[in-house]
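Input: a single structure, listed below in structure tokens.
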Amino acid sequence: MKKFINANIYKSNAKEIIVADGKFLEIGNNLRVCDNTIDLKNKLVLPPYVDPHLHLDYVYSLSEGLGAKSGTLFEAIALWPKFKKNLKASEVRERAIKGIYDEVSQGVQYIRTHIDVTDPNFTALKVMLDLKEELKDKLDIQIIAFPQEGMYTYKGGRDLVEEALKMGADVVGGIPHFEPAREFGEKSIHDIVNLSIKYNKLIDVHCDETDDPNSRFLELLNALVLMEGIGEMTTASHTCSFGSADNSYAYRMFDLFKRSKMNFISCPTENIYLQGRQDSYPKRRGLTRVKEFLEEGINIAFAQDSINDPWYPLGNGNMMNILDNGIHLAQIMSPNEIENDFDLITYNGAKCMMLDQYGFKIGNPANFIVLDENNVFDAIRKRVNVIASIRNGEYLFKRETKYDIKLDL
């Protein structure tokens, strides 16, 4: 047994944790004495960061010369097939491991990654299925069968998605706003839901990633999963157009979202970079209605999305950076809101991924991180580092806190 003491656990009054056989045995105060005791020195302790939307087959492809000059979503999508033609498994693996290291070394232990399956060779998918198994002691990876070029824009795309699910992908993906006409976008939504039911898979759709308020595939997706009773298995990612919709429509949809219990993911840094490119001023910033979702009790999480690829030149897997940008853009920084903002990169993402053994609960895997601060407000204000990541009760890493510096001022 191992005992962690002086832990300032997020949203808990407990200060002590006992771990046995890699699981939480006890969480509370004044717990039994253990021979192996670790003092966490009143640092803030969180469940591990969750990145529920990442493209591990794209990471660092910008560094290999694949760049979109216009900075638009659709130019980046158009460039990708040219790069993909010569995709080698060894290169995908090397870049993906680099991206995974970026995230795990900064406190992430759960990643949901979209993998482009509009590739008859399934080069990237095969690599990621191998990495999922190979790295399971370091992190959990969920794989989305994602038709980047469209189920119908790419000939045979729908069948490739189904084949990827048979090969072991965990989640059905789609991109209805990229299909050649509204009818094909709607058809792809029906296909996604039918495939989910057929193979008992989760759903995560790139949905309405556009400033066009008339792009309303979200409405159809929600209706279908509501009627099928699979809303909790479903996530709508991006939903940028919903941020451009009028309030009358939005508030009607809030009620339907609550009924379906569908999840949402916002990628704040990426969408503020990609969206609003055709606007002069007023200039839309591409964010969905994050604040309103939270106020309505609808689950929404933040995600990195891209790291140094044609869609987004920056990114480094630091979820604290994503949180900081997101809460500024969504204007969720009142004192009460800040106390709950870490949910956006922990519990809310875990709910999207349906992680039933996540968080501080007896019997769950003893996975948690330690931040270089002792309270939520200062941790967010200072954008502090993760100084330790514990998985199954053992350290993935630990690093020194920032050095004390004496300045003669």
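The values are calculated or read from the model by the stated rules, or taken from the named source; none is laboratory data. Please read all numbers here as calculations on a predicted model, not as lab measurements. Every residue, glycine as well, gets a Cβ built from its backbone with ideal geometry; the counts of neighbours run over all protein chains shown. Please note that ligands, DNA and RNA were not included when accessible areas were found on the heavy atoms of the full protein model with its side chains. Shrake-Rupley method; radii C 1.70, N 1.55, O 1.52, S 1.80 Å.
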Legend entry - Condition met for Leu396 (in a helix (DSSP H, G or I) and in contact with a strand residue (DSSP E or B) (Cβ under 6 Å, 6 or more places away or on another chain)): no
Inset, instruction - Taking only the range 38-58 into account, find how many residues are buried (at least 16 other Cβ atoms within 10 Å of the Cβ) and farther than 30 Å from Ala145 by Cβ. - result: 6
Inset, instruction - Quickly run through the range 259-290 and pick out the residues that are out of contact with any helix residue (DSSP H, G or I) (no Cβ under 6 Å at 6 or more places or on another chain), assigned to a helix (DSSP H, G or I) and open to solvent by less than 10 Å² (accessible area, probe 1.4 Å). - result: Glu270, Val290
Inset, instruction - Could you list all residues from the range 14-37 that are buried (at least 18 other Cβ atoms within 10 Å of the Cβ), β-branched (Val, Ile, Thr) and within 18 Å of Tyr395 (Cα to Cα)? - result: Ile17, Ile18, Val19
Legend entry - Enumeration of residues in the range 156-176 that are within 19 Å of Leu54 (Cα to Cα) and open to solvent by 10 Å² or more (accessible area, probe 1.4 Å): Gly168, Asp170
Legend entry - Matching entry among Thr239, Thr153 (being open to solvent by less than 10 Å² (accessible area, probe 1.4 Å), under 24 Å from Ser306 (Cα atoms) and hydroxyl-bearing (Ser, Thr, Tyr)): Thr239
Legend entry - Number of the exception - Lys3 against (1) more than 26 Å from Ile380 (Cβ to Cβ); (2) open to solvent by 30 Å² or more (accessible area, probe 1.4 Å); (3) more than 28 Å from the chain's Cα centre (by Cα): (2)
Legend entry - Cβ pairs under 9 Å, 6+ apart, first in the range 108-127 and closer than 15 Å to Gln304 by Cβ, second hydroxyl-bearing (Ser, Thr, Tyr) and open to solvent by less than 10 Å² (accessible area, probe 1.4 Å): Val108/Tyr49; Val108/Ser389; Gln109/Tyr49; Gln109/Ser389; Tyr110/Tyr49; Arg112/Thr235; His114/Tyr58; His114/Ser237
Legend entry - Filtered residues of the range 192-221 (kept if open to solvent by 10 Å² or more (accessible area, probe 1.4 Å), acidic (Asp, Glu) and without any contact (Cβ under 8 Å) to a residue 60 or more places away in the chain): Asp212, Glu219
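Select from the range 244-258 the residues that are open to solvent by 40 Å² or more (accessible area, probe 1.4 Å) and not polar (S, T, N, Q) and write down the one among them that is farthest from Gly349 (Cα to Cα). Steps first, please.
To start, the set of residues in the range 244-258 that are open to solvent by 40 Å² or more (accessible area, probe 1.4 Å) comprises 246-248, 251-252, 255, 258.
Still in the running and not polar (S, T, N, Q): 246, 251-252, 255, 258.
Working: Asp246: 27, Tyr251: 23, Arg252: 25, Asp255: 21, Lys258: 17 Å.
Residue satisfying both the conditions and the ranking: Asp246.
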Legend entry - Residues of the range 132-150 that turn out to be more than 18 Å from Met353 (Cα to Cα) and either open to solvent by less than 10 Å² (accessible area, probe 1.4 Å) or of a type in the set (Lys, Arg) (or both), as a count: 3
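Table: residues versus (1) over 27 Å from Asn364 (Cα atoms); (2) open to solvent by 10 Å² or more (accessible area, probe 1.4 Å); (3) part of a loop (DSSP other than H, G, I, E, B).
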position	(1), (2), (3)
Leu294	no, yes, no
Gly297	no, yes, yes
Leu314	yes, yes, yes
Gly317	no, no, yes
Asn336	yes, yes, no
Phe342	no, no, no
Asn348	no, yes, no
Lys351	no, yes, no
Inset, instruction - Report yes if some residue within the range 86-101 is touching a strand residue (DSSP E or B) at 6+ places or on another chain (Cβ under 6 Å), open to solvent by 40 Å² or more (accessible area, probe 1.4 Å) and not polar (S, T, N, Q); otherwise report no. - result: no
Legend entry - Residues that are among the basic types (Lys, Arg) and either open to solvent by 50 Å² or more (accessible area, probe 1.4 Å) or assigned to a helix (DSSP H, G or I) (or both), drawn from the range 376-393: Arg381, Lys382, Arg383
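Restricting to the range 319-334, name every residue that is assigned to a helix (DSSP H, G or I) and on the phi > 0 side of the Ramachandran plot.
To start, the set of residues in the range 319-334 that are assigned to a helix (DSSP H, G or I) comprises 319-329.
Scanning the range 319-334 gives no hits.
Quick one: count up the residues across the range 353-375 that are open to solvent by less than 20 Å² (accessible area, probe 1.4 Å) and within 24 Å of Glu232 (Cα to Cα).
Residues of the range 353-375 open to solvent by less than 20 Å² (accessible area, probe 1.4 Å): 353, 359, 364, 366-372.
Those left that are additionally within 24 Å of Glu232 (Cα to Cα): 353, 359, 364, 367.
Counting residues in the range 353-375 that are open to solvent by less than 20 Å² (accessible area, probe 1.4 Å) and within 24 Å of Glu232 (Cα to Cα) gives 4.
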